[in-house]
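The values are calculated or read from the model by the stated rules, or taken from the named source; none is laboratory data. Computed from a predicted model, the values in this text were never measured in an experiment. With ideal geometry, Cβ positions are generated from the backbone for all residues, glycine too; neighbour counts draw on all protein chains shown.
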Amino acid sequence: MTTVRESLGGRRVAVCVGAGGVGKTTAAAALALSRALEGGKVLVCTIDPARRLANALGLATLGNVESRVPEHKLAEAGLRPRGELWAMMLDVKRTWDDLVARHAPDPARRDRILRNRLYQQMSAALAGSQEYMAMEKLYELSTDRDYDLIVLDTPPTAHALDFLDAPDRILDFLGNETARALLAPALGAGRFGLRLAQLGGGYVAKTLARFTGQQVLSDLGDFLQGFQGMYDGFKERAGEVRAMLARPETGFVLVASPAAAAIEEALAFHERLHAESMPVAGLVVNRLTPDLWPAATPLPRAAELAAPLAAAAASAPDLGARLAATLAEHQAMAAAERRSLAGLLARIGAAHALVPRLEGDVHDLAGLARMADRL
Amino acid sequence: MASFGLLDRRLLVVTGKGGVGKTTVCAALALLAARAGKRVLVCEVNATRERVAPLLGAPASGPFVREALPGIFTTNVTPHEAMREYGLMVLKFRTIYEAVFENRLVRYFLRMVPGLAELVMLGKVLHEVRAEEGGRPRWDLVLLDAPATGHAVQLLRVPSALVDTVPAGPLRHDAEWMQALLVDPARTGVALVTLPEEMPVNEVIELDGLVRGELGMAVAALVVNAMPPARFDAGEAAELARLAAAPPPLGPAAEAGRIQALRAEAAGRYLVRARAALDLPTTVLPLLPVAEWGPAAVEEIAAALAAAPPAEGRP
């Protein structure tokens with residue numbers, strides 16, 4: 001069977017997706033490291049706010065620009081890469097600002113949008129904003145830079161599918177057809193605040209103002225007006241991003257744990273990728289309880305452990321009982337996990353890796369390299 | 001049970017990193033409160049798949065308030081339904097609400113205002129907290145099964161953000177009473193849930209700072225969930241590492257023991273770290289070897305909570 005690493009072999013973009021807390025960041029970094037070891041210029045891009053990736057890679061901090069993991073750090077971990085490993089942490093606000101700057105027809109318009117209070121809140125806090133910007137940055141990096149492979153660690157969304165839906169939601173937000181049609185004359189006249197009163201009757205506008213306050217409406221009008229003419233640029237760009245995600249040189253890596261919720265997310269994501277003809281490169285299941293005892297054989301009772309324990313000069317008299325109970329619990333968990341995973345593994349034809357719960361978390365490059373071996 | 005002070009507030013917000021067992025703890029707290037004779041409402045926030053009612057063995061309640069078990073009511077607060085209720089409350093008349101809120105342009109605007117969805121959802125929850133029926137509070141306790149860390153802070157920050165940015169008016173007025181309720185330690189507390197693992201502990205320490213500092217809310221307790229038992233002492237753990245290479249049956253049994261000992265030892269370290277950093281009334285819940293999360297598991301968690309409730313005040 002091919003490994004997840006091999007399955008990513010010819011690809012230029014890898015997107016790690018999955019529920020929160022399943023080890024996406026670690027999987028992304030391990031995949032990037034393994035390609036760098038084989039030769040190739042590789043970038044791993046995260047928005048992990050815990051800066052754990054930076055720590056694991058031996059970098060003090062990660063910023064919105066790429067930084068190379070120093071060779072001596074890799075050497076200290078006993079690693080001799082034939083390629084280069086780069087890392088960066090996505091800055092959502094900066095990426096938004098860059099995007100606005102790219103599409104604004106002139107500096108005045110750019111500044112007007114960047115100053116708008118609604119824009120400032122939207123770029124920082126709007127649901128889906130992070131996901132949209134992660135894709136945007138990925139596209140920019142894959143077109144403007146010469147990496148052999150870019151691995152994207154996706155944001156910790158409440159639901160993994162948010163990652164694919166976010167751009168559409170934001171675009172809908174920016175370019176809502178109804179609003180545009182209704183607002184076009186008012187926007188054209190440049191007197192949004194006044195003309196709003198005529199839309200749907202003055203009563204509607206007044207009632208709306210009762211909820212939000214007049215200031216919010218003025219900000220909104222100012223924002224939409226500033227944004228006029230830029231929407232098509234945004235939309236075109238989003239289309240290109242989507243096309244990039246569907247290309248064969250892209251591969252999604254589903255990351256899950258044996259927890260029911262994580263498996264459900266992975267399945268839902270897989271269905272969705274399949275429906276949209278987006279390429280799945282593999283599945284990584286982290287934190288698996290290792291299977292230590294053949295299922296067909298009855299588990300050992302305490303008495304059966306007593307003799308070998310005595311032979312090994314093990315001391316405490318109840319150690320056998322505690323070990324028998326521990327093994328039984330362990331195997332019950334291992335069996336339950338494998339039952340929950342069976343459906344997912346059957347559904348996903350792509351390469352998969354089952355990674356046992358590491359004894360201690362991955363803190364450093366050596367740990368990442370050990371993880372990479374499992375992938 | 002009478003000393004279970006955590007449940008004596010009017011609103012208890014339960015939050016923590018994703019996957020640490022917030023919802024299970026919430027359901028168990030609801031059971032304990034109901035058994036102490038309280039009328040309880042458990043609110044989930046815009047859950048794609050409701051979990052509290054099913055954990056209690058009841059069908060999902062949807063956006064309406066339904067009784068899951070005697071004395072325990074559940075609801076899933078959605079932006080759409082909360083907006084409708086809020087609109088009706090402010091506008092008083094359904095026809096006016098429909099004329100305004102069902103207007104496509106208005107709906108677009110309402111979606112466009114950052115924080116408004118959070119505000120109406122939180123508003124719905126807090127409205128339930130202060131609601132009265134027949135001269136007494138409608139609920140003795142409202143439990144908010146809040147979203148995970150970042151999203152929870154975003155939700156709870158909305159009233160103060162609006163107080164800071166919105167000029168006087170009805171929205172500002174609502175934000176003010178909501179904020180006052182949230183920061184009143186007599187009425188509102190936050191329970192932080194974590195696992196004795198590296199990332200969840202890091203996150204809960206950071207969250208504690210945000211809740212006290214940025215949100216100005218009182219943290220009532222820390223719940224450390226899924227603590228593995230310390231089954232082997234240090235000497236035995238070393239011995240097990242040696243025996244793990246033995247042939248079956250001892251080898252695999254020793255390996256299982258070795259892994260358990262490592263986990264328990266690491267969990268112990270992270271627990272010490274959380275306690276040292278947080279100085280909060282703390283409850284440690286045992287790791288349950290269950291594959292299915294349902295009413296039986298919730299009962300076990302409730303029993304563990306009742307056996308060792310977080311003590312009030314600083315230890």
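Among the residues making up segment B:273-291, those that are within 15 Å of B:Pro228 (Cα to Cα) and either in contact (Cβ under 8 Å) with a residue 40 or more places away in the chain or part of a strand (DSSP E or B) (or both) are B:Thr283, B:Val284, B:Leu285, B:Pro286, B:Leu287, B:Leu288.
Here is the figure for segment B:140-175: residues that are more than 14 Å from chain A (Cβ to nearest Cβ) and either surrounded by fewer than 23 Cβ atoms within 10 Å (Cβ to Cβ) or among the hydroxyl-bearing types (Ser, Thr, Tyr) (or both) total 1. Only one of A:Glu66, A:Glu76 is away from every other protein chain (no Cβ under 14 Å) and over 23 Å from A:Gln130 (Cα atoms); which? After ruling out the rest, the residue left standing is A:Glu76.
Can you go through B:Ala266, B:Ala191, B:Ala237 and tell me which one is more than 11 Å from chain A (Cβ to nearest Cβ) and either within 30 Å of A:Leu299 (Cα to Cα) or at pLDDT below 95 (or both)? Step through it out loud before you land on a result.
On the way: B:Ala266 fails: more than 11 Å from chain A (Cβ to nearest Cβ); B:Ala191 fails: either within 30 Å of A:Leu299 (Cα to Cα) or at pLDDT below 95 (or both).
Of B:Ala266, B:Ala191, B:Ala237, the one residue that is more than 11 Å from chain A (Cβ to nearest Cβ) and either within 30 Å of A:Leu299 (Cα to Cα) or at pLDDT below 95 (or both) is B:Ala237.
Note on segment A:345-363: residues that are under 22 Å from B:Pro289 (Cβ atoms) and either at pLDDT 90 or above or touching a strand residue (DSSP E or B) at 6+ places or on another chain (Cβ under 9 Å) (or both) amount to 5.
Looking across segment A:238-284, the residues that are part of a loop (DSSP other than H, G, I, E, B) and either of a type in the set (S, T, N, Q) or closer than 26 Å to A:Arg338 by Cα (or both) come down to A:Ser257, A:Pro258, A:Ala259, A:Ser277, A:Pro279.
If you go through segment B:38-67 one residue at a time, how many are more than 14 Å from chain A (Cβ to nearest Cβ) and in contact (Cβ under 8 Å) with a residue 24 or more places away in the chain? Even if it seems obvious, please write down each step before you answer.
Here is the first cut: in segment B:38-67, the residues more than 14 Å from chain A (Cβ to nearest Cβ) are B:38-43, B:52-53, B:56-67.
Remaining after also requiring in contact (Cβ under 8 Å) with a residue 24 or more places away in the chain: B:38-43, B:52, B:56-57, B:65.
Residues flagged as more than 14 Å from chain A (Cβ to nearest Cβ) and in contact (Cβ under 8 Å) with a residue 24 or more places away in the chain within segment B:38-67 amount to 10.
Per the listing A:Ala266, A:Ala281, A:Ala295, A:Ala261, the residue uniquely touching a residue at least 40 places away in the same chain (Cβ under 8 Å), closer than 25 Å to A:Val362 by Cα and over 16 Å from the mean Cα position of the chain (by Cα) is A:Ala261. Quick check on my filter: what residues within segment A:68-111 are modelled with pLDDT of 90 or more and either outside the structural domain of A:Ala32 (by the TED database) or in contact with a strand residue (DSSP E or B) (Cβ under 8 Å, 6 or more places away or on another chain) (or both)? Of everything in segment A:68-111, those that are modelled with pLDDT of 90 or more and either outside the structural domain of A:Ala32 (by the TED database) or in contact with a strand residue (DSSP E or B) (Cβ under 8 Å, 6 or more places away or on another chain) (or both) turn out to be A:Arg68, A:Val69, A:Leu74, A:Gly83, A:Glu84, A:Leu85, A:Trp86, A:Ala87, A:Met88.
Those residues that are of a type in the set (Ser, Thr, Tyr) and under 16 Å from A:His363 (Cα atoms), I need them from segment A:17-39; list them, please.
Applying the first criterion (of a type in the set (Ser, Thr, Tyr)) to segment A:17-39 yields A:25-26, A:34.
A:Thr25, A:Thr26, listed by residue number.
Residue by residue, here is whether (1) in contact (Cβ under 8 Å) with a residue 12 or more places away in the chain; (2) within 23 Å of B:Glu197 (Cβ to Cβ) holds:
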residue	(1), (2)
A:Ala303	yes, no
A:Pro308	no, no
A:Ala328	yes, no
A:Ala332	no, yes
A:Ala342	no, no
A:Ala350	yes, no
A:Pro356	yes, yes
A:Ala369	yes, yes
A:Arg374	yes, yes
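Checking A:Arg80, A:Arg112 one by one, the residue that is over 27 Å from B:Gly150 (Cβ atoms) and touching a residue at least 60 places away in the same chain (Cβ under 8 Å) is A:Arg112 and no other. Being surrounded by 16 or more Cβ atoms within 10 Å (Cβ to Cβ) and among the acidic types (Asp, Glu) is the filter; apply it to segment A:258-284 and report the residue that is nearest to the other protein chains (Cβ to nearest Cβ). Within segment A:258-284, the match that is nearest to the other protein chains (Cβ to nearest Cβ) is A:Glu264. Restricting attention to segment B:254-264, does a residue exist that is in contact with a helix residue (DSSP H, G or I) (Cβ under 7 Å, 6 or more places away or on another chain), surrounded by fewer than 18 Cβ atoms within 10 Å (Cβ to Cβ), more than 30 Å from B:Ala186 (Cβ to Cβ) and not aromatic (Phe, Trp, Tyr)? Within segment B:254-264, none of the residues are in contact with a helix residue (DSSP H, G or I) (Cβ under 7 Å, 6 or more places away or on another chain), surrounded by fewer than 18 Cβ atoms within 10 Å (Cβ to Cβ), more than 30 Å from B:Ala186 (Cβ to Cβ) and not aromatic (Phe, Trp, Tyr). Somewhere in segment A:312-320, is a residue more than 23 Å from the chain's Cα centre (by Cα) and at positive phi? The answer is yes, given that some residue of segment A:312-320 is more than 23 Å from the chain's Cα centre (by Cα) and at positive phi. The residues of segment B:36-49 that are at pLDDT 95 or above and not in a loop (DSSP other than H, G, I, E, B), listed by number, are B:Val40, B:Leu41, B:Val42, B:Cys43, B:Glu44. What do you reckon, is B:Ala302 small (Gly, Ala, Ser) and more than 27 Å from A:Ala261 (Cα to Cα)? Answer is no for this residue. In segment B:156-171, the condition of being in contact with a Cys (Cβ under 9 Å, 6 or more places away or on another chain) and not hydroxyl-bearing (Ser, Thr, Tyr) is met by no residue. Scanning segment B:5-22 for residues that are in contact with a helix residue (DSSP H, G or I) (Cβ under 8 Å, 6 or more places away or on another chain) and outside any loop (DSSP other than H, G, I, E, B) yields B:Leu6, B:Leu7, B:Leu11, B:Leu12, B:Val13, B:Val14, B:Thr15, B:Gly16.
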